[in-house]
Amino acid sequence: MSEHDGEPIRGLPGHLPPGEQILWQGAPDWRVLARTGIHAHWVALYFVGLALWNLVNGALSGTPLLSLIGSAALTLAVGSVGVGLLVLYAVLSARTTVYTLTNRRFVLRHGVALSKCFNIPYSAVASAGLKLDAQGNGDIPIALLGDSKIAYPHLWPHVRPWQFVKPEPMMCALPDAAAVADRLTRAVQMAAREADRPFVAEAAALRGSSTPAHAGPSAGQAAVA
């Protein structure tokens, strides 16, 4: 049995109240998450570089060839274990994560060892962003209003990188992220109209760029009253 087998609705802590309905549910792609969220490829490159450095440095210092090969092989073996563990975590994280958009809130359920569930009503959402790569995979960070705050470690890896003071929950490594961002924008806009407050949808994603979607006010922002 899974710890989530008792969920009344997949990804949700309870039954939906009257008038609320699910608009979309999804999860990260583990391959994209391993690359963009956990950065397993950088760890792999680090160990490859370390093995090459050992070979070059050893050759220049006259170390026997067999010793050089053994040292490089050991470095690569340790690196392979480390990268394998990171990829395994990405797989497990993707399997245990559910993003849910309803007509009233965003729900994030995640956690490999300890499951956590966060309900974020649209009334608490200040703005949303979108960052796409060349394949259409992307991240959607969500900035919260006022003093609303969730601790960075509780959200990781589903959090906008480096935002420690005011963490932003993030749907990450999503296939077809643009379509999901459009659904979120429409839902939050509707909630904003009902509450008579502005909502900023930062939808000017830079395809293939490393620039954060939340880059501050720009010509690509569309303010919605």
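Residue order by solvent-accessible surface for Cys172, Cys117 is Cys117, Cys172, largest first, with ligands and nucleic acids left out and a 1.4 Å probe. Once the chain from Leu60 to Val91 is taken as fully extended at 0.36 nm per residue, the excess over their C-alpha distance is 7.0 nm. A Stokes-Einstein calculation at 25 °C with viscosity 0.890 mPa s, built on the Kirkwood radius of the range 1-100 over Cα pairs, returns a diffusion coefficient of 145 µm²/s.
How much length would be gained if the chain were fully extended between Ser123 and Gln189, taking 0.36 nm per residue of separation minus their Cα-Cα distance, in nm to one decimal?
Working: separation 66, 0.36 × 66 = 23.76 nm, distance 0.99 nm.
Gain on stretching Ser123 to Gln189: 22.8 nm.
Let me know the Kirkwood hydrodynamic radius for the range 124-169, please, with Cα pairs as the basis and the value in Å to one decimal.
Values: mean 1/r = 0.0896 Å⁻¹.
One over the average 1/r among Cα pairs gives 11.2 Å for the range 124-169.
For Glu7 and Lys149 in the same chain, what is the full-extension length gain: residue separation times 0.36 nm, less their Cα-Cα distance, in nm? Display every interim value, and only then the final one.
Numbers: separation 142, 0.36 × 142 = 51.12 nm, distance 2.54 nm.
My answer for the length gained is 48.6 nm.
Only Cα sites of the range 85-136 enter the Debye sum here, all with the same form factor; the resulting log10 I(q)/I(0) across q = 0.15 1/Å is -0.59, listed in q order.
Between amide H atoms placed 1.01 Å from N, distances below 5 Å from Leu23 occur with Leu101, Thr102, Asn103, all of them 5 or more places distant or on a separate chain.
From largest accessible area down, sort Val78, Val83, Val165, Val107; use a 1.4 Å probe on the protein chains. Provide the component values of the computation, followed by the final result.
Values: Val78 80, Val83 30, Val165 125, Val107 0 Å².
The residues order as Val165, Val78, Val83, Val107, largest area first.
Size of the range 51-205: Rg and Dmax of its alpha carbons, in Å, are 21.8, 75.
The values are calculated or read from the model by the stated rules, or taken from the named source; none is laboratory data. Since we're looking at a predicted model, the values are computed, not measured. What goes into the accessible areas is simple: the full protein's heavy atoms, side chains included, and nothing from ligands, DNA or RNA. Shrake-Rupley method; radii C 1.70, N 1.55, O 1.52, S 1.80 Å.
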